[in-house]
Amino acid sequence: MIVLYLLVLAHLAVDFMQPSFWVRLSQESRQALVIHSGVYCLLTALILIKYSSFWWLWALLLGFSHLLIDLTKYSLQDRWSAANLYSFLIDQLIHLAVIFAVFYGGGFISDQ
């Protein structure tokens, strides 16, 4: 279960401990959003390298899904300003669902 906790912690750190200017920049610039997701990918790679020989695949999957989820969230927020709270909550639930899917689907539970 330590892998699951570390993956959730990495997600929380990247999404909620970034400076506010970076959040604004990520909303306005797709390049900044790619960097944000890249940081998440690197952090998950550092976590997973100890637990799987396919760590790079799982880290890329998590990083790419993070990018797609955030792109979708910002696209929805651009279209409907009332969607901000809902898109934020759905965004976080989908991020967690992907983390759980990688944890269980990647066989990390059997290593605990």
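The values are calculated or read from the model by the stated rules, or taken from the named source; none is laboratory data. Everything numeric in this text was worked out from a predicted model, so none of it was measured. Neighbour counts are summed over all protein chains in view; Cβ atoms, including those assigned to glycine, are modelled from backbone coordinates with ideal geometry. All accessible areas refer to the heavy atoms of the entire protein, side chains included, with ligands and DNA or RNA removed. Shrake-Rupley method; radii C 1.70, N 1.55, O 1.52, S 1.80 Å.
Pairing residues of the range 53-66 that are free of Cβ contacts under 8 Å to residues at least 24 places away in the same chain with residues that are open to solvent by less than 50 Å² (accessible area, probe 1.4 Å), at Cβ distances under 7 Å and at least 6 apart in sequence or on separate chains, gives TRP55/ALA45; TRP55/LEU48; TRP56/ALA45; ALA59/CYS41; ALA59/THR44; ALA59/ALA45; ALA59/LEU48; LEU60/CYS41.
Being closer than 18 Å to ILE109 by Cα and touching a helix residue (DSSP H, G or I) at 6+ places or on another chain (Cβ under 7 Å) is true for just one of LEU25, LEU7. Which residue is that? Lay out the reasoning, then the answer.
Values: LEU25 fails: closer than 18 Å to ILE109 by Cα.
That would be LEU7, the only listed residue that is closer than 18 Å to ILE109 by Cα and touching a helix residue (DSSP H, G or I) at 6+ places or on another chain (Cβ under 7 Å).
List, please: which pairs have Cβ atoms under 7 Å, are six or more places apart or on different chains, and start with a residue in the range 1-23 that is within 22 Å of ILE49 (Cβ to Cβ) and end with one that is open to solvent by 40 Å² or more (accessible area, probe 1.4 Å) and outside any helix (DSSP H, G or I)? Taking only residues 6 or more apart or on different chains, the pairs are MET1/GLN112; ILE2/GLN112; VAL3/TYR51.
Can we say ILE49 is open to solvent by less than 80 Å² (accessible area, probe 1.4 Å) and under 20 Å from GLY38 (Cβ atoms)? Step through it out loud before you land on a result.
On the way: open to solvent by less than 80 Å² (accessible area, probe 1.4 Å): no; under 20 Å from GLY38 (Cβ atoms): yes.
So ILE49 fails the test.
Picking from residues in the range 3-28 that are more than 18 Å from CYS41 (Cβ to Cβ) and among the hydroxyl-bearing types (Ser, Thr, Tyr), the one that is surrounded by the most Cβ atoms within 10 Å (Cβ to Cβ) is TYR5.
Take the range 55-83 and flag every residue that is open to solvent by 70 Å² or more (accessible area, probe 1.4 Å) and under 18 Å from the mean Cα position of the chain (by Cα).
Taking the range 55-83 as the starting set, the residues that turn out to be open to solvent by 70 Å² or more (accessible area, probe 1.4 Å) are 55-57, 60-61, 64, 68, 72, 78-82.
Scanning the range 55-83 gives TRP55, TRP56, LEU57, LEU60, LEU61, PHE64, LEU68, THR72.
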